[in-house]
Each structure stands twice: as structure tokens, then as C-alpha cells.
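Below is one structure, written out as C-alpha cells; comments come after it.
The values are calculated or read from the model by the stated rules, or taken from the named source; none is laboratory data. Note that the structure is a prediction, hence the values are computed from the model and not measured. Here the Cβ positions follow ideal geometry from the backbone for every residue, glycine too, while neighbour counts run over all protein chains shown. Surface accessibility is based on the protein's heavy atoms, side chains included, excluding ligands, DNA and RNA. Shrake-Rupley method; radii C 1.70, N 1.55, O 1.52, S 1.80 Å.
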Amino acid sequence: MQLDRIVNFHKTIGDKTRIRIITLLKQGPLHGQAIAGKLGLKPPTISHHLAKLKEIDIVYQRRDKNTIYFYLNEDKLERTALAITRLGGKEMLGNFDVTDQEKANVIKNFVDSKGRIETLPAQRKKKLIILEYMIRGLNHGETYKEKEINEYIMQYHEDYATVRRELVMNHFMFRQNGIYELNPIEMWPV
């Protein structure tokens, strides 16, 4: 699960009304009017909060004739709520146990004599090794503008947009407002 999804989940859940709605739906499905009545709120307010909960996929709806009932996706709620406890663990990041010899072999096979990568490996394990290889010249604690990251990546591979996206998706880097920074090594998947 990506860090962005965990953050979005907790931002969405961090509202008293939404927590109260979840509590009500744990007891069984309800329609919007019933939720509004039990919480003493107006239906448009409930609709707004239900829409937010549906965005993160912990509430879904089913129609029964003219009435829409809302259900709690308890499995998704539990998995997403517990995801933060797995940060840095193999379940979270898909970590691979890779020997130094395996890394050297992958680098030898995908990196030319000038240090450039012609193609990114299709196999995830090899791709992660190559991504780690590419960022070895960046410094922890430093921030980089998107243009700087693009220029840096182009030393290794022409498709800087794909590589940049892979670095963020695989938790090598963190991006916010066009500024990039290396994540702690403990978060890296290799």
C-alpha cells in the first residue's frame, strides 16, 4: 500500500462525524435518513461524509427499491487501518532479500560501460535493484526540485518521468509540491 493512500485514509477518518458513521454502520446497513436521524444532523451533511468514506472505499452502497443503504466495508477498513503498523515491514513495501552478488549481476546485465541503463527491467526485483543503483548519488536530507531530479535521472535513463514515478511509488523517494527527498533507507524495498 502506498504511503499516500495511508495518509489519505487517516485524513479522511480523522473526523468525529465520520467515525460516528462508521460506528453506526458496524451494527449493520442504514440509509442516509436513518444515519442523519441517529446523529442529529441534516441529510446533506451525512451525504457529504458518506461520499468521503466512499472515496477511500470503506463504505459502499446498495439500492433496495427507492432506498439506498450504506454498508461498511469492514475488511478494507481493518486492512487500511493496520497498514500503518506495517510501515517498513516486508508486507508493506514488498521487500526482497537480495545478496550483494545478485545486485552486482543485475547491474552488470542492465548497465552499460558508461553507467547508463538502456531499458528498465520488467521483473520487479531487478527493477528495484536498478532504481537503487540510480539514486546512489543523491544525498539524504537534501531536497531536490523536479527539474533537478529529471536532470539527475537523465544521466542514467532517458525516460526520467517513468523513473521518477517509480522512485516515488517504490518508496525510494518522497514527493510533495514538486520537491523530492530520499526516504530513509529502512523504507526502501531492497
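Rounded to the nearest 20 debye, the dipole size of segment 121-187 about its Cα centre is 280 debye, using +1 on the Cβ of Lys and Arg and -1 on the Cβ of Asp and Glu.
The residues of the chain present an accessible area of 61 Å² per residue when probed at 1.4 Å with all protein chains retained. Note on the chain: with neighbouring protein chains present and a 1.4 Å probe, carbon and sulfur make up 48 percent of its accessible heavy-atom surface. If the segment from residue 8 to residue 143 were pulled out straight at 0.36 nm per residue, it would be longer than the present Cα-Cα gap by 46.3 nm. Stokes-Einstein diffusion for the chain, with the hydrodynamic radius set to the Kirkwood value over Cα pairs and evaluated at 25 °C in a medium of 0.890 mPa s, equals 126 µm²/s. Against the criterion of solvent-accessible heavy-atom surface with a 1.4 angstrom probe, 186, 148 sort, most first, into 186, 148. Computing Rg and the Kirkwood Rh from the Cα coordinates of segment 129-190 gives a ratio, Rg/Rh, of 0.90. Note on residue 16: aspartates and glutamates with a C-alpha under 20 Å away, same-chain residues under 8 apart excluded, are 55, 57, 74, 78. For residue 144, the shell of other residues with beta-carbons less than 12 Å away shows a net charge of -1, using +1 for Lys and Arg and -1 for Asp and Glu.
Computed with a 1.4 Å probe on the full set of protein chains, the accessible area for residue 106 sits at about 20 Å².
Looking at the chain, identify the longest residue range that excludes and avoids all trypsin sites (Lys or Arg not before Pro) in DSSP loops having at most 10 other Cβ atoms within 10 Å. Looking at the chain, 115-190 is the longest stretch - no exposed trypsin sites (Lys or Arg not before Pro) with at most 10 other Cβ atoms within 10 Å. Of the cross-linked pairs 26/52; 127/147; 103/147; 11/38; 11/42; 11/127, which ones have a Cα-Cα span greater than 21 Å in the structure shown? Check vs 21 Å cut-off fails for 127/147; 103/147; 11/38; 11/42; 11/127.
Other residues whose C-beta falls under 10 angstrom from the C-beta of residue 175 contribute a net charge of -1, scoring Lys and Arg +1 and Asp and Glu -1. Shown is the FRET efficiency for residue 82 and residue 16, computed with R0 = 22 Å from the Cβ-Cβ distance and rounded to the nearest 0.05: 0.55. Residue separation of residue 118 and residue 181 scaled by 0.36 nm, minus their Cα-Cα distance, works out to 20.2 nm of gained length.
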